[in-house]
Ligand SMILES: [Zn+2]
């Protein structure tokens, strides 16, 4: 090998090294950016959790108690664009959550907690999943209204169906001219396994929430009569 060739070889070796180091630097930069974003999300989540618990403690203590059972868990927008729950975690997209007012965010969290209380972590085999979700959302939102929560203006509720069970509302919705116009604000908990690969429908979790519903029903001072009866019948 001539001196010129070996110098060229060395310089291309150096270029390859610089390229590799640059690539590693970019990757480290990305990693660092991901870590910073992750830390910021965890901090923001913790602050939201504390603020909401303090709010429930003052206004509706039963909600403070129930909210302790779900861990707020931010997830990537690619996985979930709104929010959902598996009965242990309250999964939410931080970008979506940031677009909501405090009132709407608290309502969404309360809505997911009451999906758990109402036994919606699993679902019957229905012909129309969207219609079942609408029926369950209606059931939950009527309970939240009875609990005295302020309903955001876009809350899904069918006034003629107040007091009816989700199954009844599902049947009633068969007469709806176009259910695709009715929007749900979350992912139905029973459909979560389809979005997050590590979550599976868990019957034990459903049973645990049934026991929790019975417990809060027994403490009749805590709940309005209609809500207490619903929890008792779970
Ligand atoms: Zn819902």
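Values quoted throughout were computed directly from the atomic coordinates according to the rules given, and no laboratory measurement underlies them. Here the structure is a predicted model, which is why all the values come from computation and not from measurement. Neighbour counts are summed over all protein chains in view; Cβ atoms, including those assigned to glycine, are modelled from backbone coordinates with ideal geometry.
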Calculated FRET efficiency, residue 153 and residue 22, Cβ-Cβ r, R0 41 Å, to nearest 0.05?
0.20
Could you work out how far the C-alpha centroid of the stretch 139-212 sits from that of the stretch 24-38, in angstrom?
39
Where does the Debye-calculated log10 I(q)/I(0) of the chain sit at q = 0.17, 0.18 Å⁻¹, using only Cα point scatterers of equal weight, no solvent?
-1.30, -1.43
Kindly express, to the nearest 10 degrees and within the range 0 to 90, the angle between helix 129-146's C-alpha long axis and the longest C-alpha principal axis of the chain.
60
Average projected area [Cα convex hull, the stretch 101-232], square nanometres:
8.6
Taking the beta-carbon count within 10 Å as an exposure proxy, list 138, 214 from fewest neighbours to most.
214, 138
Relative to the longest principal Cα axis of the chain, at what angle does helix 3-59 sit, 0 to 90 degrees, rounded to 10?
20
Suppose only helical runs count, i.e. DSSP H with n ≥ 4. What mean residue ellipticity at 222 nm does that imply for the chain under -39500 (n - 2.57) per run, divided by all residues and rounded to the nearest 500 deg cm²/dmol?
-19500 deg cm²/dmol
Nearest 10 degrees, 0 to 90: what angle lies between the long axis of helix 102-117 and the longest principal axis of the chain (Cα atoms)?
70
Between residue 127 and residue 32, what length comes free when the chain is fully extended (0.36 nm per residue of separation minus the Cα-Cα distance, one decimal in nm)?
29.5 nm
Sort 45, 99 so the one with the fewest other Cβ atoms within 10 Å of its own Cβ comes first.
99, 45
